1. Residues that are of a type in the set (A, V, I, L, M), out of contact with any Phe, Trp or Tyr (no Cβ under 6 Å at 6 or more places or on another chain) and at pLDDT 60 or above: find the strands (runs of 3 or more DSSP E) completely inside segment 236-353 holding 1 or more of those.
2. Look through segment 149-159, keep the residues that are surrounded by fewer than 23 Cβ atoms within 10 Å (Cβ to Cβ) and either touching a strand residue (DSSP E or B) at 6+ places or on another chain (Cβ under 6 Å) or among the aliphatic types (A, V, I, L, M) (or both), and return whichever of them is nearest to Ile37 (Cα to Cα).
3. Out of all the residues in segment 363-407, which are of a type in the set (S, T, N, Q), part of a helix (DSSP H, G or I) and within 17 Å of Tyr95 (Cα to Cα)?
4. Which of the residues belonging to segment 411-427 are closer than 13 Å to Thr359 by Cβ and of a type in the set (Lys, Arg)?
5. Of Asp113, Asp71, which residue is among the acidic types (Asp, Glu) and closer than 26 Å to Ser368 by Cα?
6. From Glu69, Glu27, which residue is part of a loop (DSSP other than H, G, I, E, B), surrounded by fewer than 14 Cβ atoms within 10 Å (Cβ to Cβ) and either within 21 Å of the chain's Cα centre (by Cα) or not aromatic (Phe, Trp, Tyr) (or both)?
7. Name the residues in segment 172-201 that are of a type outside the set (S, T, N, Q), within 25 Å of Met119 (Cα to Cα) and touching a strand residue (DSSP E or B) at 6+ places or on another chain (Cβ under 9 Å), would you?
Amino acid sequence: MAVYQEVMNSLEQLFQTLIKEDDASVEKLWRIERELITLQLQFESSLASGRASQKNKATKIKHLAQARENDWKAAIRLLQHEQKQVKTDMLFYAYALNLSRALGDALAWLCFDMNEQLMAPLAQNQSARVLPDGKSLKGMLAVAEALANKGVGFPLLHDATRILRIGDITFVQGDKEPLTVEVKTHSATPTERGITYDTTVATVGYLDKWQSLGFPVDVSLSAETQGDPQDSVAPAKVRRIRASSRFSRQMHRMALAFEGQSIERTKLVKIGDPLDQEIIMVREDLGEEDYHRLAMYALLAEAKQKGYASITVDGAFLYVAMYSDSFGNGPWWENFTSIFNPQTRKDLNSNSILYEDETLNLLYYGSSWSLMSVTEAPMVRPFFIYRLDNELLIDMLYGRLGCYVFVNVGRLVEVLRDRGFDARLRHSSRSTGLPLEVETTVSLDSESFIINLGSLHDLGWKIIYDYLSLDAFVKLVCTMSDGMKELLPEITSRRDLAG
């Protein structure tokens, strides 16, 4: 457990610095981001060392088993014991690395001022990545400081988060339009002043802002950092970039993200070929703090005092909060009891979210503990920025305190049918996400079309992790349906042209 305590103490110190209200300066946030990156590099290095150690021990075990010399069985047992300890330590480092990226998510939410419309398009398509190292990371940090010093905004490094996956850096500045860029570091050259990094900064869709800042198009960055005298960015030079397939995909995704950030809040934006009906939904503003979120906050505070607390919400959801000191001795998956403990089972059976007819019931659930451990986080607010007392937030960081949300999807089916949708439960062991299928029928030019709202996963996550109300859920499903109806003429036209 020594490794676990060590990595968690490092994260707690950084988290405590973030939530302190005495200093909300840009300098403080940049210092936190740099320290966060340093921590993540340490965790990644420890994981790499662990993998190398496991491989080395496996080779030794193989050789001992083949040679069978001296006390070879005892030597193998010792190596196997060491392998088990290394595996445990690697679990701790992987958990801490993911949790540190969740802290990066929290920093992103704060810097974007909770504006999901600007964040969601940057969360599409790519999974979380490993931080670059060496000159690539140094060049990226130098570019971040150089552009920040020119007034472009505060730099958010995407690889330090789980949710920002398109581009390398986004510069945010109050209510001004953000600027997302890709950074390519070509070389690092020692000079009398330190190290000069030759870099290219690429953007698309944000060119008006880029040019308004006085930067030319299609050239590498012209600036020097002031934050670190050891690093600087080389003077601008025209660079012809060969459009590799990977670079082209990066620019295409960035253009789509820019489009998604620019449309009206209640509209939909097409992604790719309309025939595929691929869309990103930009959600409506549902308010900073609604009843459901506040109810969960109160429940967490109650659980800290009593150990367990629950409440039924909207007749469809069961909120459960739990607290135990024993959960803090290791990652939650080692010590947390079954979610269907006797008290939770009693609550589920005694409240009104379940129908008497069991065929109408299908439970969907998630927890704050699972949100802390997933590597590809949904577009929901991390617990780091819950409006709770700092003591409760630290308890959640260590896993001592947390919450579950249970949804009877049958209740969602009922309210959607009342609104005219063909809604039904999806019983499949292979399916992930919200087990719900929703269709609606639309007439166009005397022809009827069935529209399937196939991607409701993000709404399921919003119910579980953002405490979305039943009314808000229905409202957003209606928004998705209306958006697909708007796209229908174009979709049918393209199909006719395709033969």
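The values are calculated or read from the model by the stated rules, or taken from the named source; none is laboratory data. Predicted, not measured: the structure shown is a model, and the values here were computed from it. With ideal geometry, Cβ positions are generated from the backbone for all residues, glycine too; neighbour counts draw on all protein chains shown.
1. In segment 236-353, 308-313, 317-323 are the strands (runs of 3 or more DSSP E) which contain 1 or more residues that are of a type in the set (A, V, I, L, M), out of contact with any Phe, Trp or Tyr (no Cβ under 6 Å at 6 or more places or on another chain) and at pLDDT 60 or above.
2. Phe154
3. Ser368, Ser370, Ser373, listed by residue number.
4. Once the filter is applied, which keeps residues that are closer than 13 Å to Thr359 by Cβ and of a type in the set (Lys, Arg), segment 411-427 yields only Arg424.
5. Just one listed residue meets the conditions, Asp113.
6. Glu69
7. Selection gives Val172, Pro178, Leu179, Val181, Glu182, Val183, Lys184, Val201.
Table: residues versus (1) free of Cβ contacts under 8 Å to residues at least 60 places away in the same chain; (2) touching a helix residue (DSSP H, G or I) at 6+ places or on another chain (Cβ under 6 Å); (3) not small (Gly, Ala, Ser).
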{"site": "Arg387", "(1), (2), (3)": "no, no, yes"}
{"site": "Val405", "(1), (2), (3)": "no, yes, yes"}
{"site": "Val409", "(1), (2), (3)": "yes, no, yes"}
{"site": "Asp418", "(1), (2), (3)": "yes, no, yes"}
{"site": "His427", "(1), (2), (3)": "no, no, yes"}
{"site": "Glu437", "(1), (2), (3)": "yes, no, yes"}
{"site": "Glu447", "(1), (2), (3)": "yes, no, yes"}
{"site": "Ile451", "(1), (2), (3)": "yes, yes, yes"}
